[in-house]
Each structure stands twice: as structure tokens, then as C-alpha cells.
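Right, one structure below, let's go through it.
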Amino acid sequence: MNDGAANPLGPQGEPSDARDSTVNRTVDTRGLNCPMPILKAKKALNDMQAAEVLEVLATDPGAVRDFEYFCKHTGHRLLASTACEGEFIFRIRRKD
């Protein structure tokens, strides 16, 4: 039964604003280990405008925990964190 309420989660379980967000920049850190994915993301975010979205591609399994911690402590918003066949995709909205 559809009660007309909007589903806040997208098809992969991510918040709806994550799938509706335009990616402004992508950083490919596949093959790099900690701390390089975070450092490259931090550098990219510093060069971006408030509310823009950064997509980070990674293969380091530790990046999942690292990006959650990074966003929590820097004020950036982790919009999505997905894993597929050993690759991880993070979407981060730059803080205002």
C-alpha cells in the first residue's frame, strides 16, 4: 500500500539527497592505502565551494571507517558510502 509518503532512502539505502546530488568533482584513490584517500579528499574539499559534492573512489576497506570519522569531525556531510566488488564510493557534501 502506498500512503503517498516519500521514501527518504534511495534504491541502495542511501539518503535521497545523495542520489539526487550532482557530483562536482571525483577523486580516484583506488590502489592507495590509509592515509592517502583521506588526504586527497581533504585537499579536494579545500578547493571546492560550500555545499558542492565530492565523490571519492577507493579500494582500501579501512576507508569506510576513515571517511565516517573524517566527516563527523570536520563538519562535512557523508551523503553515501557504498561498496561493490571490492571498490568503495563515497559522496561527501562540503560544509558551509
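The values are calculated or read from the model by the stated rules, or taken from the named source; none is laboratory data. In this text, all values refer to a predicted model and were calculated from it rather than measured experimentally. Ideal geometry is used to build each Cβ from the backbone, glycine not excepted, and the neighbour counts take in all protein chains shown. Keep in mind that these areas ignore ligands, DNA and RNA; they rest on the heavy atoms of the full protein, side chains included. Shrake-Rupley method; radii C 1.70, N 1.55, O 1.52, S 1.80 Å.
The table below gives the values:
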item	result
Residues located in the range 63-77, provided they are over 12 Å from ILE38 (Cβ atoms) and either open to solvent by less than 20 Å² (accessible area, probe 1.4 Å) or not in a helix (DSSP H, G or I) (or both)	GLY75, ARG77
Restricting the range 78-96 to residues that are open to solvent by 60 Å² or more (accessible area, probe 1.4 Å) and over 18 Å from ASP28 (Cβ atoms), the residue that is nearest to the chain's Cα centre (by Cα)	ARG93
Residue among ASP60, ASP28 that alone is buried (at least 18 other Cβ atoms within 10 Å of the Cβ) and at pLDDT 95 or above	ASP60
